[in-house]
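This report refers to the structure that appears directly beneath it.
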Amino acid sequence: MLTFEQKQAIIETFPTLTKKEISLKRLNYHFEASLYEKSIVVEKLHPNGNGFVFIGDLLKYEKEANDKGLVNIRDYSEAALRAILTDAIDYLSEEIDDSPVIEIWASREGTKLELEFNNRSWNIYHQRNLEESFGTREDAVAYLREEGFRPSK
């Protein structure tokens, strides 16, 4: 586990984050260029090593995040901390594109599924019914391939 000082040093390598001291010697780090009302990326970084990173509704972190979109970074490695901070900053600086990307995938039996990117998620639909949802295209494609689907021509 990284120490408070190590986490602080890693976080401070991100020049777009601004440190703000809060109570009990804890720190918040804000992303002032956020396109959304939410600007705190790192919340309540505590001298005991505990702290949270805001990742909103990114499906990549859905198993780790609480209902407020926060992930506890207490046991994160340096690489994992850098990755989640990058994802959090990208999340807050990304304008949501409302125009969906749709791909048709077919099985050998002729069943067709739609892979659609919409609102930060890769969703798989069968006859407009949602079957699965993924945080990355790679995960969605891996699922489709495992289920015997290939891109339709």
For each pair in 7/60; 68/112; 38/63; 19/60; 60/153; 20/60, compute the distance between the two Cα atoms and list the pairs where it is over 24 Å.
68/112; 19/60; 60/153; 20/60
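Please compute the volume of the convex hull spanned by the alpha-carbon atoms of the chain and report it per residue in Å³.
Expressed per residue, the convex hull around the Cα atoms of the chain is 129 Å³.
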Note: the range 4-93, point scatterers on Cα, Debye, no solvent; log10 I/I(0) at q = 0.16, 0.24 Å⁻¹ equals -0.55, -1.33
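In deg cm²/dmol, rounded to 500, what helix-only [θ] at 222 nm does the chain give when every DSSP H run of at least 4 residues adds -39500 (n - 2.57) and the total is split over its residues? Let's see the in-between values first.
Details: 3 runs with 34 residues, N = 153.
The helix contribution divided over the chain gives -7000 deg cm²/dmol.
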Report the local net charge at residue 85: Lys and Arg +1, Asp and Glu -1, summed over other residues whose C-beta lies under 12 Å from its C-beta.
-2
When the chain is treated as a GNM, springs tying every alpha-carbon pair under 10 Å, which of 44, 25, 60 comes out with the largest mean-square fluctuation?
25
Rounded to the nearest 20 Debye, what is the dipole magnitude of the range 13-55 about its Cα centre when Lys and Arg each give +1 and Asp and Glu each give -1 at the C-beta?
160
With contacts defined as alpha carbon pairs under 8 Å and 6 or more residues apart, what's the relative contact order of the range 66-153 in percent?
21
Using θ = phi - 60° and the Karplus form 6.51 cos²θ - 1.76 cosθ + 1.60, what ³J(HN,Hα) does each residue of the range 13-25 get, whole Hz, x for Gly and Pro?
7, 8, x, 7, 9, 10, 7, 9, 6, 10, 5, 6, 6
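Where a number appears in this text, it was derived from the coordinates with a stated rule and is not lab data. Note that this is a predicted model, so its numbers are computed, not measured. With ideal geometry, Cβ positions are generated from the backbone for all residues, glycine too; neighbour counts draw on all protein chains shown.
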